[in-house]
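Worksheet: one structure, shown below.
The values are calculated or read from the model by the stated rules, or taken from the named source; none is laboratory data. Because the structure is a prediction, the values reported are computed rather than measured. Quick reminder, even Gly has a Cβ in these numbers, built from the backbone with ideal geometry, and neighbours come from all protein chains shown. Keep in mind that these areas ignore ligands, DNA and RNA; they rest on the heavy atoms of the full protein, side chains included. Shrake-Rupley method; radii C 1.70, N 1.55, O 1.52, S 1.80 Å.
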Amino acid sequence: MKSVLTGMLIGAWLSLGSAFAAEVEGVKLADKVQVGGTELVLNGAGVRTRVFFKVYVGALYVQKKTNATEAVLADAGPKRIAMHVLRDLTAEQLFSALNDGLKNNHTPEQLAKLGPQLKQLEDVFNAVKAAKNGDVILLDYLPGAGTRVTVRGDDKGTIPGEEFNRALLRIWLGNQPADASLKKAMLGG
C-alpha cells in the first residue's frame, strides 16, 4: 500500500512538473493553454524591465512555435500575450507603457485608425485601476471577435479588429520593442 501511494505521489508530481514549460522570475508558465477552443504552445517568455525594475514576466503563446516576428504577425489564428505582474502598477502606468510601445512602432496615421480601440483599451485599464504584484493580464486574440482582455481572471471585454491585435503584438515584437531582451525571449531566443 505504501509503495502504491508513493508511486501515485511521484506520478502526480511528474505530471504537474510537465505541465509547466518554463519558470521565469519564480513565475511558472504553462507549456500549453486553450484560447477560443484552440491549443496554443508557449513560444517564449522573459522579463520586462524598465530602468532596473523588473515589471512583469511576458509570455507569448502561438499555435506553432516560431522565432520570426513576421510569422507571428501574419498568423491570423488565436494568440496570447500573458503579463505576470512583478510589481504594483497603476492603470495610468500600464496604459502609458502600452501606449508608448504603440507609438514607437506605428505612424501617427496608423494610430489614428486605431483610435476607438485604443480608447477602449484605456477604459479597460482605468476600470481596473491597478495591477498588483502577482496579478495576471491576458491579451487573447480570438479570430472574428478581437482581443479579449482578462485581468485577475475577470474578462474585461473584447476589443475588435485583427489589425489592433497586430498593433499590440508590435509593442513586444516590433522594430522598436518595449524591451529588446524580452522580444528575443518571446521569440524563443
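Annotations for the structure displayed:
Here's the yes/no breakdown for (1) under 20 Å from PRO160 (Cα atoms); (2) touching a Leu at 6+ places or on another chain (Cβ under 7 Å):
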position	(1), (2)
THR66	no, no
ALA74	yes, no
HIS84	no, no
SER96	no, no
LEU111	yes, yes
GLU122	yes, no
ALA127	yes, no
ALA130	no, yes
LEU139	yes, yes
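- Unmet criterion (only one of (1) open to solvent by 30 Å² or more (accessible area, probe 1.4 Å); (2) within 17 Å of ARG48 (Cα to Cα); (3) outside any helix (DSSP H, G or I)) for ILE81: (1)
- Selection status of LYS103, part of a helix (DSSP H, G or I), of a type outside the set (A, V, I, L, M) and either open to solvent by 50 Å² or more (accessible area, probe 1.4 Å) or under 16 Å from ASP140 (Cβ atoms) (or both): yes
- Candidate set from region 89-100 (those that are without any contact (Cβ under 8 Å) to a residue 60 or more places away in the chain and in a helix (DSSP H, G or I)); member that is nearest to ALA130 (Cα to Cα): ALA91
- Tally, over region 31-78, of residues that are assigned to a loop (DSSP other than H, G, I, E, B) and among the polar types (S, T, N, Q): 3
- Selection over region 149-185 of residues that are crowded, with 19+ Cβ neighbours inside 10 Å, out of contact with any helix residue (DSSP H, G or I) (no Cβ under 7 Å at 6 or more places or on another chain) and outside any helix (DSSP H, G or I) gives a count of 1.
- Set ASP135, ASP140: member being out of contact with any helix residue (DSSP H, G or I) (no Cβ under 8 Å at 6 or more places or on another chain), within 18 Å of ALA45 (Cα to Cα), buried (at least 19 other Cβ atoms within 10 Å of the Cβ) and of a type in the set (Asp, Glu): ASP140
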